Amino acid sequence: MLRAVLASAFLPAFALLGVVCLAVGLWQLQVESSVVLAVNGGIILLLCAHGWRGVRAARGAKRCGEAGG
Amino acid sequence: MIILGLILLGPFVVIAAVLGARFLEWQRLLPAGLPRFTPLCLIASGLLGSLLAGDTLEAFVASPIRLQRHFAGAVYLSPLALQSVERSGFQDPGTTWTYTLDDETLRALRARCKVQRSFPGQPEYCNMGSDFDERYYAGMGISGRATLVIEEGLH
């Protein structure tokens, strides 16, 4: 049960971190003209979106398998 | 400075990400269907992002608050009033924070500072305090009409 909860929290936790990094990064871009943190935040969010697609595809395949079996 | 930090931290971050991803996979703490290298890349960029965000918040929030308390006795300016930050130096790192002051804060700070002589053509500088020794320097003052400058570093 705990494992399932932790596994399902994996992507949302990183998405939250990505949003924080992007927000702080945009502030840094405005104040210090440095793009590194904003880019890093964007990469985290893109990776989360990529992971989400894989997880949704796996869930869909499992549902199809259950319906067919 | 940031690029150098990334190069120096890179190998440690990659090793930590590989070990972290392996551990999560072994403990089955990853959601099913996650593409193979996504957890590794997420952990690596998450670690880097956390380190960079922590460094940025320390430089933009914690350090100026500490220096304002030290030189002015209170925090007069919020981090959102920060206009610019310049960080420089490899061997002698230094940071300069610049704030634009509103009239009320300017009046409050003007009462605590001492005008210094400046060269012709240069903006007036009203000194609020400075610390120097053979390695460290820090200072705070109002430059021109309404710009607060705080600086700290090694020399």
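A few comments on the model shown:
- Neighbours of B:P123, meaning other residues whose beta-carbon lies under 14 angstrom from its beta-carbon, give a summed charge of +1 when Lys and Arg score +1 and Asp and Glu score -1.
- Modelled label positions at B:K114 and A:A57, each set 7 Å beyond Cα in the direction of Cβ, lie 7.0 nm from each other.
- Helices in chain B that qualify as membrane-span-like (whole DSSP H runs, Cα extent of at least 24 Å along the helix axis, mean Kyte-Doolittle hydropathy of 0.0 or higher) are B:2-26, B:38-57.
- Only Cα pairs under 8 Å and 6+ residues apart enter the sum, and on that basis the relative contact order of region B:48-125 stands at 18 percent.
- Helix-only arithmetic for chain A: the sum of -39500 (n - 2.57) across DSSP H runs with n ≥ 4, divided by the residue total, places the mean residue ellipticity at 222 nm at -33500 deg cm²/dmol.
- Placing +1 on the Cβ of every Lys and Arg and -1 on the Cβ of every Asp and Glu, with nothing else charged, gives region B:31-100 a dipole about its Cα centre of roughly 160 debye.
- B:L34 sits among other residues whose Cβ lies under 12 Å from its own Cβ, and their net charge, with Lys and Arg +1 and Asp and Glu -1, is +4.
- Rel. contact order, % - alpha carbon contacts under 8 angstrom, at least six apart, chain B: 17
- Base-10 log of normalised Debye intensity for chain A (one unit scatterer per alpha-carbon) at q = 0.18 Å⁻¹: -0.74
- Taking every DSSP helix (H) stretch of at least 4 residues in chain B, weighting each as -39,500 (n - 2.57) and dividing the sum by the residue count yields a mean residue ellipticity at 222 nm of -13500 deg cm²/dmol.
- Distance between region A:4-19 and region B:77-93 - C-alpha centres, whole angstrom: 32
- Given +1 at the Cβ of Lys and Arg, -1 at the Cβ of Asp and Glu and no other charges, the dipole of the protein assembly as shown around its Cα centre is 1060 debye to the nearest 20.
- A dipole drawn for the protein assembly as shown from +1 and -1 charges on Cβ atoms has a positive end, and of A:L47, B:I3, B:A32 the residue lying farthest that way is B:A32.
- Applying a DSSP loop filter and a limit of 14 other Cβ atoms within 10 Å to the GluC sites (Glu not before Pro) in region B:58-155 leaves B:E124, B:E134.
- Chymotrypsin sites (Phe, Trp or Tyr not before Pro) restricted to region B:54-101 and DSSP loop, no more than 11 other C-beta within 10 Å: B:F90
- Residues in region B:140-155 reached by a label modelled at B:Q91 [backbone nitrogen below 13 Å; 7 Å Cα→Cβ]: B:155
- Of interest is the spacing of the C-alpha centroids, which for region B:1-41 and region B:131-152 amounts to 41 Å.
Read the figures in this text as sums done on the coordinates, not as results from a lab. Source: prediction; values computed, not measured. All Cβ positions, even for glycine, are placed from backbone atoms using ideal geometry, and neighbour counts span all protein chains on display.
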